[in-house]
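A.B. asks: Quick one: structure below, then a few questions.
Here, each number is a calculation from the coordinates, and none is a lab measurement. Every value quoted in this text rests on a predicted model; they were computed, and no experiment measured them. No Cβ is skipped: glycine too gets one built from the backbone with ideal geometry, and neighbour counts run over all protein chains shown.
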Amino acid sequence: MDKRPIGVFDSGLGGLSTVRAIKKILPNEDIIYFGDTGRVPYGTRSNETIETYTAQDIKFLERHSCKLIAVACGTVSTVSAELIKNLNKPATGIAIPSAIAAAKATKNGKIGIMGTSATINSGAFDREIHSRYPKAEIISVSCPLLVSLVENNWIAVDDEVTNAAVKRYLEPIISAGCDTIILGCTHFPLLSPIIKNVAGEGVTLIDSGYEEAKYIKKLLKENNLENDSERKGEYKYFVSDKPQNFYTAANTLLGEDIRNECEFVDIFKYI
Ligand code: DGL
């Protein structure tokens with residue numbers, strides 16, 4: 001039994017899709033969440049900058065003695081994959097769990113990937129899928145606008161602007177006949193109802209947050225790090241910009257008021 005929290009971080013609030021799934025799958029685990037809301041987006045930045053931010057974010061979580069690091073950001077998971085792999089504790093991003101799920105789900109071998117520009121340019125999802133399904137045909141699309149739409153909470157299923165953006169981004173994936181789409185950015189599961197409508201029947205969406213949470217469960221078990229199953233998890237949220245914006249959006253995404261659990265942190269102190 002290990003009482004230490006799971007450390008989860010993202011460039012902003014998209015990582016709450018992972019938190020939502022962890023709370024469901026591992027309700028007894030504590031979570032420390034860091035959302036780098038002062039520096040979002042990461043996905044349009046250089047690899048060097050993303051790696052610097054990643055190192056700072058991890059340093060912050062390590063001060064909280066996290067037992068496992070969950071990178072709830074597609075951009076960090078793919079661009080900083082080596083850094084995550086070489087941490088001195090169990091850690092995961094979203095790429096491996098999502099690739100495993102997609103390789104299992106596809107029937108026609110055609111897999112679409114939606115991600116940020118940095119994620120798509122890294123080719124990391126392609127590599128993870130091809131190592132499990134060498135013949136897979138992959139259509140990758142970078143969808144940077146969707147990040148801003150989620151950050152602004154334009155996620156209602158009938159939102160005209162978001163629907164139009166999703167249609168435009170999905171066009172190459174639909175034309176290629178993909179039967180499986182990886183939501184390769186943790187902001188995108190928050191748009192699942194819209195993406196599902198646009199993609200249509202018969203297309204499986206891989207929710208990166210949910211797949212990551214299942215993978216975390218497996219890692220905790222393998223490393224003997226599970227917490228007492230009788231207790232209820234506690235949650236603490238830190239952000240690098242004013243907390244108000246974050247907890248207002250979190251209210252919609254998590255369906256609960258987290259204002260008393262949410263604090264500002266000066267991430268520049270963690271160098
Ligand atoms: N949550 C980030 C990701 O999954 C997207 C936002 C960003 O560009 O920082 O890549």
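A.B. asks: Rounded if a/c is under 1.5, else prolate if a/b beats b/c, else oblate: with a ≥ b ≥ c from the C-alpha gyration tensor eigenvalues square-rooted, which is segment 73-171?
C.D. replies: Numbers: a/c = 2.27, a/b = 1.34, b/c = 1.69.
Judged from the Cα gyration tensor, segment 73-171 comes out oblate (a/c at least 1.5, b/c at or above a/b).
A.B. asks: With label points built 7 Å along Cα→Cβ from the Cα atoms of N223 and R4, find their separation and express it in nm.
C.D. replies: Between N223 and R4, the label points sit 0.8 nm apart.
A.B. asks: Roughly how many nanometres apart are two label points built 7 Å out from the Cα toward the Cβ at I25 and L87?
C.D. replies: The answer from the label model is 1.5 nm.
A.B. asks: Follow-up. Could you pull out every residue, at least 5 positions away or on a different chain, whose amide H is within less than 5 Å of the one on E29? Hs are placed 1.01 Å off N in the peptide plane, and Pro or chain starts have none.
C.D. replies: Under 5 Å from the amide H of E29 lie the amide H atoms of G233, each far enough along the sequence or on another chain.
A.B. asks: Ok, one more. When the distances between all Cα atoms of the chain are binned every 10 Å from zero, what whole-number percent does each bin get?
C.D. replies: P(r) over the chain, rounded to whole percents: 7, 33, 37, 19, 3.
A.B. asks: On average, how much area does the Cα convex hull of segment 156-202 cover when viewed from any direction, in nm²? Don't skip to the end; give the middle numbers.
C.D. replies: Working: hull surface 12.6 nm².
It is 3.2 nm².
A.B. asks: Which percent of Cα pairs goes in each bin when the distances of segment 91-137 are cut into 10 angstrom slices starting at zero?
C.D. replies: Cα pair-distance distribution for segment 91-137, in percent: 27, 59, 13, 0.
A.B. asks: Could you compute the FRET efficiency for Y270 and S131, with r as their C-beta to C-beta distance and R0 at 30 Å, rounded to 0.05? Each step should come with its number before you reach the end.
C.D. replies: On the way: r = 33 Å, r/R0 = 1.11.
The pair Y270/S131 has a calculated efficiency of 0.35.
A.B. asks: Amide H neighbours of L68 under 5 Å, counting only residues 5+ apart in sequence or on other chains, H built in-plane at 1.01 Å?
C.D. replies: G7
A.B. asks: Oh, and also: Going through segment 21-100, which trypsin sites (Lys or Arg not before Pro) have at most 16 other Cβ atoms within 10 Å and a DSSP loop state?
C.D. replies: Numbers: sites: K23, K24, R39, R45, K59, R63, K67, K85; in loops: R39, R45, R63, K67.
Those that pass, being in a loop and sparsely packed, are R63.
A.B. asks: Viscosity 1.002 mPa s, temperature 20 °C: give me the Stokes-Einstein translational D for segment 105-235 in µm²/s, with Rh taken as the Kirkwood radius over C-alpha pairs. If you can, show how the numbers build up before the last one.
C.D. replies: Details: Rh = 16.0 Å.
Calculated translational D: 134 µm²/s.
A.B. asks: Need one word for segment 132-181: rounded, prolate or oblate. Basis is the Cα gyration tensor (sqrt eigenvalues a ≥ b ≥ c); a/c below 1.5 gives rounded, then a/b vs b/c decides.
C.D. replies: Values: a/c = 2.86, a/b = 2.16, b/c = 1.33.
Prolate shape, in that a/c is at least 1.5 and a/b is the bigger ratio.
A.B. asks: Taking θ = phi - 60°, what integer Hz values does the Karplus form 6.51 cos²θ - 1.76 cosθ + 1.60 yield along segment 257-263, in sequence order, with x for Gly and Pro?
C.D. replies: Once rounded to whole Hz, the list reads 8, 10, 4, 7, 10, 10, 9.
A.B. asks: Name the long-range amide H neighbours of I206: under 5 Å, sequence gap of 5 or more, or other chain; modelled H, no Pro or chain starts.
C.D. replies: I181, I182, L183
A.B. asks: Helix-only estimate, please: 222 nm mean residue ellipticity of the chain, summing -39500 (n - 2.57) across DSSP H runs of length 4 or more and dividing by its residues, to the nearest 500.
C.D. replies: So the calculated ellipticity at 222 nm is -13000 deg cm²/dmol.
A.B. asks: Calculate one ³J(HN,Hα) per residue across segment 174-181 by plugging θ = phi - 60° into the Karplus curve 6.51 cos²θ - 1.76 cosθ + 1.60, and present them in order as whole Hz with x for glycine and proline.
C.D. replies: 5, 4, 6, x, 4, 9, 9, 10
A.B. asks: Hey, another quick one. What nm value, rounded to one decimal, do you get for the distance between K232 and E201 when each label is placed 7 Å out toward the C-beta?
C.D. replies: Here the modelled spin labels are 4.1 nm apart.
A.B. asks: Still on this model: Among K135/K221; K221/K269; K236/K269; K24/K135; K107/K218, which pairs are too far apart, with a Cα-Cα distance over 29 Å?
C.D. replies: Numbers: K135/K221 32 Å; K221/K269 33 Å; K236/K269 19 Å; K24/K135 34 Å; K107/K218 25 Å.
Pairs exceeding 29 Å: K135/K221; K221/K269; K24/K135.
A.B. asks: If you filter segment 174-255 for trypsin sites (Lys or Arg not before Pro), then keep DSSP loop positions with at most 11 other Cβ within 10 Å, what is left? The partial results should precede the final answer.
C.D. replies: Working: sites: K196, K214, K217, K218, K221, R231, K232, K236; in loops: R231, K232.
For trypsin sites (Lys or Arg not before Pro) across segment 174-255 that sit outside H, G, I, E and B with at most 11 neighbouring Cβ atoms in 10 Å, the list reads K232.
A.B. asks: First check a/c for segment 13-151, with a ≥ b ≥ c the square roots of the eigenvalues of its C-alpha gyration tensor; if it is under 1.5, answer rounded, and if not, answer prolate when a/b is larger than b/c or oblate otherwise. Don't skip to the answer; put the middle values down first.
C.D. replies: On the way: a/c = 1.62, a/b = 1.35, b/c = 1.20.
Here segment 13-151 falls in the prolate category.
A.B. asks: Here's another thing I want to ask about it. In sequence order, what are the phi-derived ³J(HN,Hα) couplings for segment 62-73 according to the Karplus relation 6.51 cos²θ - 1.76 cosθ + 1.60 with θ = phi - 60°, rounded to whole Hz, with x for glycine and proline?
C.D. replies: Going residue by residue, I get 5, 4, 9, 6, 6, 7, 8, 9, 10, 7, 9, 9 Hz, with x marking Gly and Pro.
A.B. asks: Another one. Of E137, E151, E230, how do they rank once you tally other Cβ atoms within 10 Å and put the fewest first? Working shown, then result.
C.D. replies: Details: E137 15, E151 20, E230 6.
Exposure proxy ranking, most exposed first: E230, E137, E151.
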